[in-house]
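J.: Pasting in a structure now, in structure tokens, and then I'll have a few things to ask.
We did not get these values from a lab; they are worked out from the coordinates using the rules stated. Quick caveat: nothing in here was measured; it's all calculated off a predicted structure. All Cβ positions, even for glycine, are placed from backbone atoms using ideal geometry, and neighbour counts span all protein chains on display.
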Amino acid sequence: MTERNKWVEKLLQWFDRTGRALPWREQKPRNPYHVWVSEIMLQQTRVDTVKTYFTEWMRRFPTIDALARAPEEEVLRLWQGLGYYSRARNLHRAAREVLLQWGGTLPRTREALRTLPGIGDYTAGAICSMAFGQKTPAVDGNLLRVLARLYALDEDVLSLAGRRKITGLAEKVIPAARPGDFNEALMDLGALICIPLNPHCDQCPLAAYCQGFQQHRASELPVRKKKAPQKEFHAVCLLVQQENAILLHKRPDKGLLASLWELPTFLAPEKNDCLLLARENFGTFGDVPLWCHKHVFSHQIWYMEAYEAETPAFPLDASYRWVAADELSALPLSGPCQRFFQDLREKRAGGKNKR
């Protein structure tokens, strides 16, 4: 047995003993739809969070057919809280394409899967290996990090050349008998032991084979190019109430927070410009904000303030809707809007308790 095969065998033995019990892994053989949904949910989201969402999702949309036939608003509402809503919209669109073009069954080839909205190289590799037993690596952040340390690679893992090199290494070692387990084992190792900061090398089953560990460089790897700084904006939100209803605005169907509902919101790089924009478009409102919040997105930061405002004198277009307070939970709200109502409820509850 070569050294290369030895570390793969050690990895699989470790996975057999310690592999995480996750709801999308319960069915054997693996359900392709479960693999697909779980991998999309796990992008940019913690496993513990995804467990609850996945279970509820499968209760409401147990099949691709059920997801394809659901209204988008219901899909987005069920996704509410996971963030990165384009993932949910792409899942929904792809389910409809699978229903129309493939009879409700996911195609079995990497090439066909890649044609579906929201499915890239990684997700296609995960489905092909875990659900269909194909010898295909699933190159995610965990796999990039583990192999960069294992082989002590100095290439930037986020560069095209770095990713290609690691993909090539994975293709050479992935076992034909257990490709899905190999990919999941690397994911678990990266999530539990070979973590980004301060890896637990003393607990790693591959320490004896890891060049990064042997060279005392594990914490320095992988090499990553620094990200561009996030753009910063000021946001003014307006709370407009009429009897027991609140005025909400639906965002455009493309772009950040697409198709989600929010308070009427105005955005500008400078605070004074933002206030001026809100007053020009919605009329006057008070000077004292009832809510302040810093909301961090992956590429933007919003410094938010909410003000109470009067019903505008001009006619409202179809992107606005009056919503009863007890109906808010039925709509897919943007993350900042969810946070506003949550903070407002807590503030009012605190005021009642003081009395």
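J.: Amide H neighbours of Met304 under 5 Å, at least 5 residues apart or on other chains, H built in the peptide plane: list them.
T.: Ala235, His293, Lys294, His295
J.: Amide H to amide H, which residues 5 or more places from Leu239 or on other chains are under 5 Å from it, using H placed in the peptide plane?
T.: Sorted by chain and number, the residues that satisfy this are Tyr307, Glu308, Ala309.
J.: Continuing with the same structure: Holding the Cα-Cα limit at 18 Å, pick out from Lys51/Lys294; Lys51/Lys227; Lys231/Lys271 the pairs that are longer than that.
T.: Numbers: Lys51/Lys294 27 Å; Lys51/Lys227 29 Å; Lys231/Lys271 14 Å.
In this structure, Lys51/Lys294; Lys51/Lys227 exceed 18 Å between Cα atoms.
J.: With contacts defined as alpha carbon pairs under 8 Å and 6 or more residues apart, what's the relative contact order of the stretch 231-354 in percent?
T.: Computed value for the stretch 231-354: 33 percent relative contact order.
J.: Considering only DSSP beta bridges where both residues belong to the stretch 231-354, give the percentage that are antiparallel (nearest 5).
T.: Rounded to the nearest five, the antiparallel share is 65 percent.
J.: Run the helix sum for the chain: -39,500 (n - 2.57) per DSSP H stretch of 4+ residues, divided by residue count, reported at 222 nm to the nearest 500 deg cm²/dmol. Before the final figure, lay out the partial values.
T.: Values: 14 runs with 160 residues, N = 355.
Computed ellipticity for the chain at 222 nm equals -14000 deg cm²/dmol.
J.: Here's something else I'd like to know. Most fluctuating residue of Leu143, Leu153, Leu316 in a GNM of the chain with Cα springs under 10 Å: which is it?
T.: In this elastic network of the chain, the residue with the biggest mean-square fluctuation among Leu143, Leu153, Leu316 is Leu316.
J.: A follow-up question, please. Dipole of the stretch 1-140, Cα-centred, from +1 at each Lys and Arg C-beta and -1 at each Asp and Glu C-beta, to the nearest 20 debye?
T.: 240
J.: On to the next question. So what is the relative contact order for the stretch 175-288, in percent, with contacts set as C-alpha pairs under 8 Å and at least six apart?
T.: 16
J.: Per-residue HN-Hα couplings for the stretch 182-192, Karplus 6.51 cos²θ - 1.76 cosθ + 1.60 at θ = phi - 60°, whole Hz, x for Gly and Pro?
T.: Coupling constants for the stretch 182-192: 4, 5, 5, 5, 5, 4, 5, 4, x, 7, 9 Hz.
J.: Just to confirm the number: angle between the C-alpha axis of helix 160-173 and the first principal axis of the chain, 0 to 90 degrees, nearest 10?
T.: Helix 160-173 sits roughly 50 degrees off the main axis of the chain.
J.: Using +1 at the C-beta of Lys and Arg and -1 at the C-beta of Asp and Glu, which of Ala112, Leu267, Tyr53 has the Cα lying farthest in the positive direction of the dipole of the chain?
T.: Toward the positive end, the furthest listed residue is Ala112.
J.: Hey, which lysines would be in cross-link range of Lys225, C-alpha to C-alpha under 22 Å, not counting anything within fewer than 8 residues on its own chain?
T.: Output for Lys225: Lys165.
J.: When the dipole is taken about the Cα centre of the stretch 231-354, and only Lys, Arg (+1) and Asp, Glu (-1) are charged at their Cβ, what size is it in debye, to the nearest 20?
T.: So the dipole magnitude of the stretch 231-354 works out to roughly 400 debye.
J.: Quick one: Karplus J couplings for the stretch 47-54, per residue in order, coefficients 6.51, -1.76, 1.60, θ = phi - 60°, nearest Hz, x for Gly and Pro?
T.: Taking θ as phi minus 60°, the curve returns 4, 4, 5, 5, 3, 5, 5, 4 Hz for the stretch 47-54.
J.: Quote the relative contact order of the chain in percent (integer), defining contacts as alpha-carbon pairs under 8 Å separated by 6+ residues.
T.: Dividing the mean separation by the residue count of the chain yields 15 percent.
J.: So if I place +1 on the C-beta of Lys and Arg and -1 on the C-beta of Asp and Glu, and nothing else carries charge, what would the dipole magnitude of the chain be about its Cα centre? I want it in debye, nearest 20.
T.: 960
J.: Ok, one more. Report for the chain the percent antiparallel among DSSP-assigned beta bridges with both residues inside it, nearest 5.
T.: 60
J.: With unit charges on the beta carbon (Lys/Arg positive, Asp/Glu negative), name the residue among Phe213, Ala235, Leu248 whose Cα is farthest towards the positive pole of the charge dipole of the stretch 209-254.
T.: Going by the charge dipole, the pick is Phe213.
J.: Another question about this same structure. For Cys204, enumerate residues with amide H under 5 Å from its amide H, sequence gap 5+ or separate chain, H modeled in the peptide plane.
T.: Residues meeting the amide H criterion: none.
J.: Follow-up question, since we're still on this one. Give a residue-ordered list of calculated ³J(HN,Hα) values for the stretch 88-96 (Karplus: 6.51 cos²θ - 1.76 cosθ + 1.60, θ = phi - 60°; whole Hz; x for Gly, Pro).
T.: Each residue of the stretch 88-96 in turn: 5, 5, 5, 4, 5, 4, 5, 4, 5 Hz.
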